[in-house]
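Each remark here refers to the structure printed beneath this line.
Each reported figure results from applying straightforward, stated rules to the coordinates on display, with no laboratory input. Quick caveat: nothing in here was measured; it's all calculated off a predicted structure. Don't worry about glycine lacking a Cβ; one is built from the backbone with ideal geometry, like all the others, and counts go over all protein chains shown.
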2 protein chains.
Amino acid sequence: MSVTIDCLQYCNWSRKIFEQMREGSLDAVHVTIAYHEDFRQTVERVSEWNRLFQEHGDLIVAGRQAVDVINAREQNKTAVFFGFQNCSPIEADINLVEVCHQLGARFMQLSYNNQSLLATGCYETEDPGITRMGRQVIAEMNRVGLVIDMSHSSERSTLEAIEHSSRPIAITHANPAHWHPALRNKSDDVLQALSETGGMLGFSMYPHHLAGGSQCTLESFCQMVANTAERFGVSHIGLGSDLCQDQPDSVVEWMRNGRWTRERDFGEGSKAAPGFPDQPAWFRDNRDFPTLREGLSHVGFQQSEVNLIMGENWLRFFEHAFSQNESSL
Amino acid sequence: MSVTIDCLQYCNWSRKIFEQMREGSLDAVHVTIAYHEDFRQTVERVSEWNRLFQEHGDLIVAGRQAVDVINAREQNKTAVFFGFQNCSPIEADINLVEVCHQLGARFMQLSYNNQSLLATGCYETEDPGITRMGRQVIAEMNRVGLVIDMSHSSERSTLEAIEHSSRPIAITHANPAHWHPALRNKSDDVLQALSETGGMLGFSMYPHHLAGGSQCTLESFCQMVANTAERFGVSHIGLGSDLCQDQPDSVVEWMRNGRWTRERDFGEGSKAAPGFPDQPAWFRDNRDFPTLREGLSHVGFQQSEVNLIMGENWLRFFEHAFSQNESSL
């Protein structure tokens, strides 16, 4: 029996969306709970999710380990794993890495677009790689089982994170830059190093990451997946849709601007188109995972390969990623 | 009548030290109130100083503008100006720049040894210069009158801060690297750019910044001041002693390690000598400012030049540095 995992969403959560997850047979989802939030604000997001788990316990369940995905599927629920798109939740305190893991975090990006205390973001002009604190935090994340995510980081920082990390890392939501050149998409060098070290790439369906944007066809997307599988292997790819369903445009403004500027940054958008772009027609929301399965079959993937891409690869990754590293105890 | 200003101290404050300031005729001092403190902890430091001002109001007074130095001297008191050695007090929030100024902060370093959100510290291997957020924060510091201090920053970041800042910047406590090569001391290029833009260098008497360390002689120090004056002009130099009187060694460990590492960093010290080094014999504490005046006269400075170095240069700098920039209102 196959499993479906989406390794990045940031929706405006509601019962409607949780029901759509069930309709689309989504067994697990990695949800962002912090972009620029500090530790205390991140705790508020955890509290909000605690309430959601209580109120919608018939549809969703907290995900902490790989086995929670299997259990959720058996109960016809979706397991929800927490992640941060920035290192802001640990502030300048390395000890908060373990505390955040205790609160349920399983992924943390080392930087989000800008330079952080740990690594460089993809919108900076310069990329000095992993910082002194970054090397310390990578070791600590490795120890406690908090996955390093470099989706919004820059080239050198990403390569160095792969090199310094003793455990495979993830790029939860991005596409190959050779398909669609964008600051957020990843070079062949990065994809090569990622797959060689057992890391995972989650394919994004966020229009700014797609060739053709909102007009990108399912076939073009699936063909890109096929090309990536051919070049880097079918075992290190999965989904990371970056679905931001029902979010107001104020949210994308927060993502881009946080509290770091008094001007207005448009990120991947522009002054003329500052808001969220339209979803591609073939991935409107969580009900479209079966559409994706069909699309992947159409471009020539075997059923077993479709299963790997749709969730089994992420599940295998989860099995080794989230536990405390006993060798470093 | 001359004025004496020390533009950096971080003592374990007590009535004894405030009395020694009066004994040494110190009219104003820039004190560090944060190394790795976040905003909330910085507010605690402000509260502690509020109490000190109340309890020792016969010896010290809060310094906010240049005129406070003159008023303090007339009342036989020392004006105390606040500064941060790192940007940790503003966390990731540019709006805290103005709030910190409202709380009395007049200096902020953009980075302390390590990479920060704004700039690179002098102990990093790479130095990418001022970050995206750094450029925004520099503009905001320029607007509200919070002085940019690059004492613990690296070469390129310092040069770029000088370039991006519309107001003169400060290196409150460091010495020329050509006299004593140390990661914390400054290159000729930096000193040239600093003085050409009206910036200020405060000479440090912290042993790790001195040729010969704790054994450095008064004559060697004063000769270095004379050489610096000759090369970069006598108008852009002053004192920034870096006096850390009566501090336990746990404090220098906090300065070096904050919360960024789970290992132990020895900074300018070493495993064999991890603590604070001994002060040079000619600058034990605040009572030795007259000794310094004599030393400067001995190496050939005119009395008027001694007065500039001992405080008048800093006073002139203060006059233009701390007010809101009306042109950017």
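Annotations for the structure displayed:
- Charge tally around B:Gly300: other residues with Cβ under 14 Å, Lys/Arg +1 each, Asp/Glu -1 each, net -3.
- Share of pairwise Cα-Cα distances greater than 22 Å in the range A:38-128 is 39 percent (whole percent).
- For the range A:305-317, putting each phi into the Karplus relation 6.51 cos²θ - 1.76 cosθ + 1.60 with θ = phi - 60° gives couplings of 6, 4, 4, 4, 5, 6, x, 5, 5, 4, 4, 4, 4 Hz, in residue order, rounded to whole numbers and with x for Gly and Pro.
- Rounded to whole Hz, the Karplus (6.51, -1.76, 1.60) HN-Hα couplings of the range B:31-46, x for glycine and proline: 10, 6, 10, 8, 10, 10, 4, 7, 4, 4, 5, 5, 4, 4, 5, 4
- Fewest-first ordering of B:Thr158, A:Thr4, B:Thr197, A:Thr32 by other beta carbons within 10 Å of each residue's beta carbon gives B:Thr197, A:Thr32, A:Thr4, B:Thr158.
- Kirkwood Rh (inverse of mean 1/r, distinct Cα pairs), the range A:117-266, angstrom: 16.2
- Per-selection Kirkwood Rh - chain B (Cα, Å, 1 d.p.): 19.5
- Sorted by Cβ neighbour density within 10 Å, fewest at the top, the residues B:Val306, B:Val137: B:Val306, B:Val137
- A dipole drawn for chain B from +1 and -1 charges on Cβ atoms has a positive end, and of B:Val31, B:Trp13, B:Ser157 the residue lying farthest that way is B:Trp13.
- Convex hull of Cα atoms in the range B:30-90, direction-averaged projection (nm²): 4.0
- Cα pair distances exceeding 37 angstrom across the protein assembly as shown, given as percent: 42
- Result for chain A in a Gaussian network model with C-alpha springs under 10 Å: among A:Val234, A:Val31, A:Val147, the largest mean-square fluctuation is at A:Val234.
- Over the range B:37-180, Cα pairs under 8 Å with separation of 6+ residues give a relative contact order of 18 percent.
- Cβ charges +1 (Lys, Arg) and -1 (Asp, Glu), total dipole of the protein assembly as shown, debye: 520
- Partner lysines for A:Lys77 [C-alpha distance under 20 Å; skip if fewer than 8 residues away on the same chain]: A:Lys16
- Taking the Cα centre of the range A:5-328 as reference, the dipole from Cβ charges on Lys and Arg (+1) and Asp and Glu (-1) amounts to some 280 debye.
- Rounded to whole numbers, the Karplus 3J(HN,Hα) couplings from phi for the range B:72-85 are 4, 4, 5, 9, 6, 10, 10, 7, 10, 9, 8, x, 10, 8 Hz, using 6.51 cos²θ - 1.76 cosθ + 1.60 with θ = phi - 60°, and x at Gly and Pro.
- B:Gln109 long-range amide H proximity, modeled H, under 5 Å: B:Phe84, B:Gln85, B:Asn86, B:Asp149
- Close amide H contacts of B:Leu239 (hydrogens built in the peptide plane, cut-off under 5 Å, sequence separation of 5 or more or a different chain): B:Cys7, B:Phe203.
- For chain B, share of DSSP beta bridges that run antiparallel, in % to the nearest 5: 5
- The amide H of B:Gly145, built 1.01 Å from its N in the peptide plane, has B:Asn325 as neighbours under 5 Å, considering only residues 5 or more places off or on other chains.
- The mean sequence separation of alpha-carbon pairs under 8 Å and at least six residues apart, normalised by the residue count of chain B, gives a relative contact order of 21 percent.
- Three-way shape label, the range A:262-329, alpha-carbon gyration tensor, a/c 1.5: oblate
- Helical content of chain B, expressed as a calculated mean residue ellipticity at 222 nm, amounts to -11000 deg cm²/dmol (DSSP H runs of 4 or more residues, -39,500 (n - 2.57) each, divided by residue number, nearest 500).
- Partner lysines for B:Lys271 [C-alpha distance under 17 Å; skip if fewer than 8 residues away on the same chain]: none
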